[in-house]
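The values are calculated or read from the model by the stated rules, or taken from the named source; none is laboratory data. All of these numbers come straight from a predicted model, not from anything done at the bench. Cβ sites come from the backbone with ideal geometry, for glycine too, and all protein chains shown count toward neighbours. Protein only, heavy atoms only, side chains kept; ligands, DNA and RNA dropped before computing areas. Shrake-Rupley method; radii C 1.70, N 1.55, O 1.52, S 1.80 Å.
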Amino acid sequence: MSATTPSQQGRTAAVEAREAVIAASGWGNRVSWLQPRNACLWVYVVLVGYGLYYTVTLVRAETPLYAPALGLSALIFAGYTIPFWWFTTRIDRYSRQPLSVVVAAFVYGGFAATWTIALHGNSAIIGLYSKWFGASFAQDWGAGLAAPFFEELGKGAGVLLLLFIASSVIRTAYDGFIVGAFVGLGFEIIEDTLYALNSAPDGFGTDQIGNSLHTVVLRLATGFTSHIAYAAIFGAGVVFIVGTVAQRRRPGLGLALCATAMVLHFVWDSTAALSGGNGFAVLFMMIGCVVLTLVAVVSVFRLTVGAERHAMRTVLTPEVESGILTDEELDALAGDGRARRRYRRHGHGHRDRARRHHRLEAGHDLADELARSGGHDSDRVLFARSELERLLVQ
Amino acid sequence: MTGLETPTGWVPVERRLFGIDRRTLLPAVLVAAFAALAFWGVPALNAATDLDDPVRAGDVIQLSDSVTFAPAAGWNIEAGIRQGEAGPTGNPKTAQVVHNGVTFTVTADSFDGTPAELLEQIRDTSDAEHSDSALTIDGKSSTFTTTSGEHGVIAKFSASSGIGVLAAFVFDGVGVEVTAYGPTTIDAPTQADIIAMLESVRPLDAATEAGAA
């Protein structure tokens, strides 16, 4: 029987820690969408199915007259989706969500949360406000007292369903934050297209392109700080409320985050009523709401990303001990944007800085492959290490 | 016993309830219940709740910041806000009053053209929509003059929801569409109400001057 050396003991502990964090975080797990015993999947299918059916009927009804407005706004918002999709994928840089999950989130937000839940709920509750409290009250406060309830809970319901459909990969509040953002993105795109379409008949339909473009510009300007941000905050809250194998239940914090998203939405939808119709006050409130939303979403990001960075550090620590990565690179990979920029700037000259950038990308690839293999030295893991060595000698 | 790994998605038998994974039931039921509330529950409550807002003598309804009309006393206001009662968000551009199965709707929006051109635009839009609520304008239109001296055009129409009249006015860049439709047989008092409401449509400036006078 031979004793292990301290370095071997340390390496074993680091490797065990790596395997434990991979198992807990779900990093590298696959999602099976064939789950006939999963009740959440059936509810997801029904809600999205109706939403898709409604979309087809709406397009068929509007196309004879408003095809130009519909086509143009759909094209513009499709293009608008690209940078936000890229940005949200980019910030999901640690244990990235599988493509099927983010697509499912986007589809739910775009078709189920909008048509199946929000459209019916909002219209009905605003009708009731008018009947209970008068037309003037409904005109001023209807949107602000309807949308935060049906839209935020509708989007949050999507995160909840996906949490139980893809429980192998949605494990942390940060995962909920990312999934929520994609639900919000889908909701934003489809809702914006609807608003643009609803503007087309303005002026008795004499200028459908002009009217819908006017709405498109307004929605483009405020898109990021509305549904995407609200749903991201709400999504993190859902995971805090429910808890997972990797996320301790914090129901108070979760409810607070959900309430924050709803309050921000209420303020945004009620700026005219809250400001008494004063133009300057409306503008001030809108800017204030945008700033508050940005502060809230960045705060939730910072609150939840720590677990992801810890996972990245734990997965790659054995690679530092074996000399594949340096301590500086580990700090950059497991750090924030400033840490990554600091690492790149320490390069001497443009070529060295480019090499450092490539080393970080290759380090991320290695982390992904280690997660996929459960921490074992698969062929892809060995190749990813060889890529790092290749980038070292260039 | 060999250490077999549980296949992805395998649900242990003790966790099944009628074949469904027990762990997924509560979240599924919660979401389904919420969706049912939004899709059926609240809409059903809204449909079952009557809107009781009868027009009082002297009421005037304002649309946007441009047009007013005087609804007939006893009719029920289904949409729109009385002049002077709007909050910070202002008056909507559509108002609707109903009585004895007849619906009277007024819509004001920007339009550059003549009343006859507005009527044509409405006809073209309705023809292209092909929806259940589309209306078919029957025959030629004739001129119509309100009590404030505003000239418009009026035509009869038929729709799946009944028959009626459609009037179009243009006041200094603001187009006004007025529709009144109902069953094929309408009693005389209701017909008189419709004519009176049509004649009361006027731009906001004219309404203000009339009030001052």
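Examine the stretch A:73-81 for a residue that is closer than 30 Å to A:Ala371 by Cβ, in contact with a helix residue (DSSP H, G or I) (Cβ under 9 Å, 6 or more places away or on another chain) and either more than 10 Å from every other protein chain (Cβ to nearest Cβ) or modelled with pLDDT of 95 or more (or both), and state whether such a residue exists.
Yes, there is a match, as at least one residue in the stretch A:73-81 is closer than 30 Å to A:Ala371 by Cβ, in contact with a helix residue (DSSP H, G or I) (Cβ under 9 Å, 6 or more places away or on another chain) and either more than 10 Å from every other protein chain (Cβ to nearest Cβ) or modelled with pLDDT of 95 or more (or both).
What are the pairs with Cβ atoms under 8 angstrom where one residue, in the stretch A:13-29, is of a type in the set (D, E, K, R) and the other, located anywhere, is outside any helix (DSSP H, G or I)? Sequence gap at least six, or different chains.
Hits for this filter: A:Arg18/A:Gly375; A:Glu19/A:Gly374; A:Glu19/A:Gly375.
Collect the residues in the stretch A:273-283 that are facing another protein chain (nearest Cβ under 9 Å), open to solvent by less than 50 Å² (accessible area, probe 1.4 Å) and within 22 Å of A:Ala296 (Cβ to Cβ), keeping them in residue-number order.
A:Ala273, A:Ser275, A:Val282
Residues A:Leu145, A:Leu161: which one is aliphatic (A, V, I, L, M), closer than 22 Å to A:Leu253 by Cβ and assigned to a helix (DSSP H, G or I)?
A:Leu161
Test each condition in (1) at pLDDT below 90; (2) farther than 30 Å from A:Leu257 by Cα for A:Leu218 and report the one that comes out false.
Unmet for A:Leu218, out of (1) at pLDDT below 90; (2) farther than 30 Å from A:Leu257 by Cα: (2).
Would you list the helices (runs of 4 or more DSSP H) that sit entirely within the stretch A:223-311 and hold 3 or more residues that are under 18 Å from the mean Cα position of the chain (by Cα)?
Per the criteria, A:229-242, A:251-269.
Test A:Leu160 against the criterion of being of a type outside the set (Lys, Arg), more than 19 Å from A:Val297 (Cα to Cα) and open to solvent by less than 10 Å² (accessible area, probe 1.4 Å), and give yes or no.
no
When the residues of the stretch A:228-272 are narrowed to those that are closer than 27 Å to A:Arg171 by Cβ and polar (S, T, N, Q), which ends up surrounded by the most Cβ atoms within 10 Å (Cβ to Cβ)?
Applying the filter and picking the extreme gives A:Gln247.
Out of the residues in the stretch B:65-77 that are of a type outside the set (Phe, Trp, Tyr) and buried (at least 17 other Cβ atoms within 10 Å of the Cβ), state the one that is farthest from A:Gly277 (Cα to Cα).
Result: B:Ala72.
Is it fair to say B:Asp205 is more than 12 Å from chain A (Cβ to nearest Cβ), part of a helix (DSSP H, G or I) and buried (at least 21 other Cβ atoms within 10 Å of the Cβ)?
Taking the combined requirement at face value, the residue does not satisfy it.
If you go through the stretch A:38-45 one residue at a time, do you hit one that is facing chain B (nearest Cβ under 8 Å), over 16 Å from B:Ala35 (Cα atoms), part of a loop (DSSP other than H, G, I, E, B) and open to solvent by 40 Å² or more (accessible area, probe 1.4 Å)?
No: the stretch A:38-45 contains no residue that is facing chain B (nearest Cβ under 8 Å), over 16 Å from B:Ala35 (Cα atoms), part of a loop (DSSP other than H, G, I, E, B) and open to solvent by 40 Å² or more (accessible area, probe 1.4 Å).
Could you tell me whether the stretch B:178-191 includes any residue that is touching a residue at least 60 places away in the same chain (Cβ under 8 Å), at positive phi and open to solvent by 20 Å² or more (accessible area, probe 1.4 Å)?
Checked against the condition, which is being touching a residue at least 60 places away in the same chain (Cβ under 8 Å), at positive phi and open to solvent by 20 Å² or more (accessible area, probe 1.4 Å), the stretch B:178-191 yields no hits at all.
Can you tell me which residue among A:Asp140, A:Asp92 is more than 24 Å from A:Gly49 (Cβ to Cβ), buried (at least 22 other Cβ atoms within 10 Å of the Cβ) and charged (D, E, K, R)?
Among A:Asp140, A:Asp92, only A:Asp140 is more than 24 Å from A:Gly49 (Cβ to Cβ), buried (at least 22 other Cβ atoms within 10 Å of the Cβ) and charged (D, E, K, R).
Among residues belonging to the stretch B:108-119 that are at the interface with chain A (Cβ under 9 Å from one of its Cβ atoms) and open to solvent by 40 Å² or more (accessible area, probe 1.4 Å), point out the one that is nearest to B:Ala79 (Cα to Cα).
B:Ser110
Could you check the stretch A:207-227 and list, in sequence order, the residues that are over 16 Å from A:Leu72 (Cα atoms) and either in contact (Cβ under 8 Å) with a residue 24 or more places away in the chain or surrounded by 17 or more Cβ atoms within 10 Å (Cβ to Cβ) (or both)?
Answer for the stretch A:207-227, where residues must be over 16 Å from A:Leu72 (Cα atoms) and either in contact (Cβ under 8 Å) with a residue 24 or more places away in the chain or surrounded by 17 or more Cβ atoms within 10 Å (Cβ to Cβ) (or both): A:Thr222, A:Gly223, A:Phe224, A:Thr225, A:Ser226, A:His227.
Inside the stretch B:31-58, can you point out the residues that are more than 7 Å from every other protein chain (Cβ to nearest Cβ) and in a helix (DSSP H, G or I)?
B:Ala33, B:Ala36, B:Leu37, B:Trp40, B:Gly41, B:Ala44, B:Ala47, B:Ala48
What residue, of A:Ile117, A:Ile126, is modelled with pLDDT of 95 or more, farther than 25 Å from A:Met312 by Cβ, in contact with a Gly (Cβ under 6 Å, 6 or more places away or on another chain) and open to solvent by 40 Å² or more (accessible area, probe 1.4 Å)?
A:Ile126
Please verify whether A:Gly375 is among the small types (Gly, Ala, Ser) and surrounded by fewer than 21 Cβ atoms within 10 Å (Cβ to Cβ), treating the condition exactly as stated.
Spelling it out, it is not the case that A:Gly375 is among the small types (Gly, Ala, Ser) and surrounded by fewer than 21 Cβ atoms within 10 Å (Cβ to Cβ).
Could you tell me which residue of the stretch B:1-15 is farthest from A:Ala166 (Cα to Cα), considering only residues that are open to solvent by less than 90 Å² (accessible area, probe 1.4 Å) and within 7 Å of chain A (Cβ to nearest Cβ)?
B:Val11
With respect to B:Ile122, determine if the residue is part of a strand (DSSP E or B) and either among the hydrophobic types (A, V, I, L, M, F, W, C) or more than 8 Å from chain A (Cβ to nearest Cβ) (or both).
No: the conditions fail for B:Ile122.
Being outside any helix (DSSP H, G or I) and more than 8 Å from chain A (Cβ to nearest Cβ) is the filter here; which residues of the stretch B:16-30 pass it?
Selection gives B:Leu17, B:Phe18.
Table: residues versus (1) in contact (Cβ under 8 Å) with a residue 24 or more places away in the chain; (2) more than 26 Å from A:Gly180 (Cα to Cα).
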| position | (1), (2) |
| --- | --- |
| A:Leu303 | yes, no |
| A:Arg309 | yes, no |
| A:Met312 | yes, no |
| A:Glu328 | no, yes |
| A:Gly349 | no, yes |
| A:Leu370 | yes, yes |
| A:Asp379 | no, yes |
| A:Glu387 | yes, yes |
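Quick check on the stretch B:78-107: of everything there that is of a type in the set (Gly, Ala, Ser) and open to solvent by 40 Å² or more (accessible area, probe 1.4 Å), which residue is nearest to the other protein chains (Cβ to nearest Cβ)?
The residue in question is B:Gly84.
Conditions (1) within 14 Å of chain B (Cβ to nearest Cβ); (2) farther than 30 Å from A:Asp368 by Cα; (3) open to solvent by 40 Å² or more (accessible area, probe 1.4 Å); (4) in contact (Cβ under 8 Å) with a residue 60 or more places away in the chain, marked per residue:
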| site | (1), (2), (3), (4) |
| --- | --- |
| A:Tyr53 | yes, yes, yes, no |
| A:Thr57 | yes, yes, yes, no |
| A:Arg60 | yes, yes, yes, no |
| A:Leu70 | yes, yes, no, yes |
| A:Val101 | no, no, no, yes |
| A:Ala113 | yes, yes, no, yes |
